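Engineer: Quick one: the structure is below, and I'll ask about it shortly.
The values are calculated or read from the model by the stated rules, or taken from the named source; none is laboratory data. As the structure is a prediction and not an experimental result, all values here were calculated from the model. With ideal geometry, Cβ positions are generated from the backbone for all residues, glycine too; neighbour counts draw on all protein chains shown.
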Amino acid sequence: MILSIEELSITGRDRTLVDNVSLAVREGEFMALVGQSGSGKSLLSQAIGQLLPPNLHASGRMMFDGSNLLDRKPKEMRALRGSRISYIFQDYQGAFTPFRSIGAHFDEYQKVHGEKSAAVRRSKAAEALESVGLEAKLLRRYPFQLSGGQLQRASIATALMLSPRLLIADEVTTALDSVSGHRVLELLARKQAETGCAILFITHDWRHVRRYANRLSVMKEGRIVESGGKHRILDHPQHDYTRQLIAAAPILSRSLNSGLEEDKA
Amino acid sequence: MTPRTIVLRLSGAPKSKKHGWQAIAGALFVLLVLAASAYTFLYLKHDPTLTDLRGRLHGASASHPLGTDHLGRDVLTRLLLGGGQTIGYSLLALGAALVIGIPLGLIAGYRRGWVDRLFMRIADGFLAFPDTIVAIVLSGLLGAGIGNLVLAIIIVKWVSYARLVRSTVLAESQKDYIRIARTNGLSDARIMTKHLLPHIAGHVLVLASLDIGKIILLISSLSYIGLGAQPPTPEWGAMLNDSRPYFQSRPELMVYPGLAIVSVVLIANMLGDYLRDRFDVKKEVQP
């Protein structure tokens, strides 16, 4: 059990946005958190890194490595973020500061996490880029000189560079077309097999869930309505809402129908 | 402005032809002023306060290229040294306003919440006073002098920089690259200095270069009414005032410092306009 969230609530000034959620991520697993937009899944992921906006308050317990994340001081959380817990987001276009080169980002992240030698930082950065299938010469480029797919890979490389124990992927495939989306997830799954990090995968796309996840939780209006193994939930959903979601998922069982036949009929 | 254009423009890519002459003329004038100041600072050995009552109000001659004033002092010497005074103090005031305004704006915009509200209410308070009034009140309380005048200008001017920086930072810090910098464990101070500060440099540069002309005018005009540089310090505004009684007989005594003020302010504004177009900053940056 690498991360176990127990009775976490996130409250704003006058309403509860995440209500008494409990969730566990096991070592090295691909855990999917599924839900509609606005169900509180992104807030939950932000709460893990103490990244909530200042007007929201989290209560409950979040055990990571045997201690409660909510009790940690901001400085300890800073040391944790990026090295033990990493994030990747949907918007890969804006993932890098526009006027700094890609290499400057890699260098800086290693520096703040205590890597003193510049030569080591350089070689690690090149290694990280190569491990996601990009050339090391991209380190000298600026973000606008890279394509969207390259940026997405580079941001995955930064997230995985310091071998985190937990990777939080927040809607990473939403802005990508389905081929690129699968490519990114395949890359993630491959890196997971190499490094053994756990992935908390936040999505509303059932196709990706069906293909990559080990376990999943379904979230609705700030509560978790159902969680369990992938096969159990997909084949035998217990909760009405899960059934609705699955029924609403676009499933391409046959080849893509243009609707021409139906028009004629 | 998209990030892409910043990088392109900073790396000196395509220049717009339209403003080429403006830039060249501006650069030449700036060089001229700088050269004159450097010459004055390094080589000029004449005493600007050396009075010669037998040689009062002389016209141009070989020993006094621009003539002498009502106390027989060399006008060219005073003009050159006065330039150092006026421009130097303007830059000092501007620099101090930047040093106060930029960090406050950064912190307010990045932290938000009560810090932001507190700083901005203070800024609103300062903004409520017209600059001339502050200068007059401060001179009244602390005595007239160039130091107090500079202080008054700082008090008035830092607010606009704090507000400009804050508004840019408010918009930028919502963007994903700042969020990702945070999720990668960077400290707030590092994010502010390394990831946000370079972003606002262009905006601040434009506002500052548009402001410098105003500050020069303010220092000159307040010196003219006797609140700034005190005699016998050579200062353009004070020189204007000194030569006022002789306007009928020797108008050029007023024309020289007046022309100096006008041309320097003009150059500063031209440079500011050029930078604004070049950095593609929105109209709201205009002071």
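A quick yes/no check of all residues on (1) in contact (Cβ under 8 Å) with a residue 60 or more places away in the chain; (2) within 30 Å of B:G143 (Cβ to Cβ):
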{"residue": "B:L218", "(1), (2)": "yes, yes"}
{"residue": "B:P234", "(1), (2)": "yes, yes"}
{"residue": "B:G237", "(1), (2)": "yes, yes"}
{"residue": "B:V255", "(1), (2)": "no, no"}
{"residue": "B:I267", "(1), (2)": "yes, no"}
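Engineer: Another question, if that's okay. Quick test for you: out of A:L200, A:L166, pick the one residue that is within 14 Å of chain B (Cβ to nearest Cβ), crowded, with 21+ Cβ neighbours inside 10 Å and more than 29 Å from A:V120 (Cβ to Cβ).
Structural biologist: It is A:L200.
Yes/no per residue for (1) surrounded by fewer than 22 Cβ atoms within 10 Å (Cβ to Cβ); (2) on the phi > 0 side of the Ramachandran plot:
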residue: B:L50; (1), (2): yes, no
residue: B:L53; (1), (2): yes, no
residue: B:L57; (1), (2): yes, yes
residue: B:S61; (1), (2): yes, no
residue: B:P65; (1), (2): yes, no
residue: B:T68; (1), (2): no, no
residue: B:V75; (1), (2): no, no
residue: B:R78; (1), (2): no, no
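Engineer: Okay, moving on. Inspect the range B:156-168 for any residue being assigned to a helix (DSSP H, G or I), more than 30 Å from B:G226 (Cα to Cα) and either in contact with a strand residue (DSSP E or B) (Cβ under 7 Å, 6 or more places away or on another chain) or among the polar types (S, T, N, Q) (or both) and give the result as yes or no.
Structural biologist: Scanning the range B:156-168, I find at least one residue that is assigned to a helix (DSSP H, G or I), more than 30 Å from B:G226 (Cα to Cα) and either in contact with a strand residue (DSSP E or B) (Cβ under 7 Å, 6 or more places away or on another chain) or among the polar types (S, T, N, Q) (or both), so the answer is yes.
Engineer: To continue, here is another question. Please go through the range B:205-238 and give me each residue that is farther than 23 Å from B:G147 by Cα and crowded, with 21+ Cβ neighbours inside 10 Å, ordered by number.
Structural biologist: B:V206, B:L207
Engineer: Considering only helices (runs of 4 or more DSSP H) fully contained in the range A:42-140, which possess at least 1 residues that are away from every other protein chain (no Cβ under 14 Å) and in contact (Cβ under 8 Å) with a residue 60 or more places away in the chain?
Structural biologist: Numbers: elements: A:74-80, A:102-112, A:118-131.
So the answer is A:118-131.
Engineer: Among the residues of the range B:133-157, which ones are under 16 Å from B:L94 (Cα atoms), among the β-branched types (V, I, T) and in contact (Cβ under 8 Å) with a residue 60 or more places away in the chain?
Structural biologist: Within the range B:133-157, B:I146, B:V150, B:I153, B:I154 meet the criteria.
Engineer: Can you tell me which residue within the range A:196-248, out of those that are aromatic (F, W, Y) and within 18 Å of the chain's Cα centre (by Cα), is modelled with the highest pLDDT? Even if it seems obvious, please write down each step before you answer.
Structural biologist: Of the residues in the range A:196-248, the ones aromatic (F, W, Y) are A:201, A:206, A:212, A:241.
Filter once more, so that each one left must be within 18 Å of the chain's Cα centre (by Cα): A:201, A:206, A:212.
Values: A:F201: 91, A:W206: 81, A:Y212: 86.
Across the range A:196-248, the extreme among qualifying residues is A:F201.
Engineer: When you go through (1) part of a strand (DSSP E or B); (2) at positive phi one by one for A:D19, which number turns out not to apply?
Structural biologist: The failed condition is (2).
Quick grid of which residues meet (1) part of a loop (DSSP other than H, G, I, E, B); (2) away from every other protein chain (no Cβ under 14 Å); (3) closer than 30 Å to B:L106 by Cα; (4) over 16 Å from the mean Cα position of the chain (by Cα):
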position: B:L207; (1), (2), (3), (4): no, yes, yes, no
position: B:I215; (1), (2), (3), (4): no, yes, yes, no
position: B:P231; (1), (2), (3), (4): yes, yes, no, yes
position: B:S249; (1), (2), (3), (4): yes, yes, no, yes
position: B:S263; (1), (2), (3), (4): no, yes, no, no
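Engineer: So B:A123 clears everything in (1) surrounded by 16 or more Cβ atoms within 10 Å (Cβ to Cβ); (2) at pLDDT below 85 except one condition, right? Which one?
Structural biologist: B:A123 satisfies every listed condition except (2).
Engineer: Restricting to the range B:187-197, what's the tally of residues that are of a type outside the set (D, E, K, R) and touching a Lys or Arg at 6+ places or on another chain (Cβ under 8 Å)?
Structural biologist: 3
Engineer: Just checking, how many residues over the range B:170-204 are away from every other protein chain (no Cβ under 11 Å) and surrounded by 19 or more Cβ atoms within 10 Å (Cβ to Cβ)?
Structural biologist: 5
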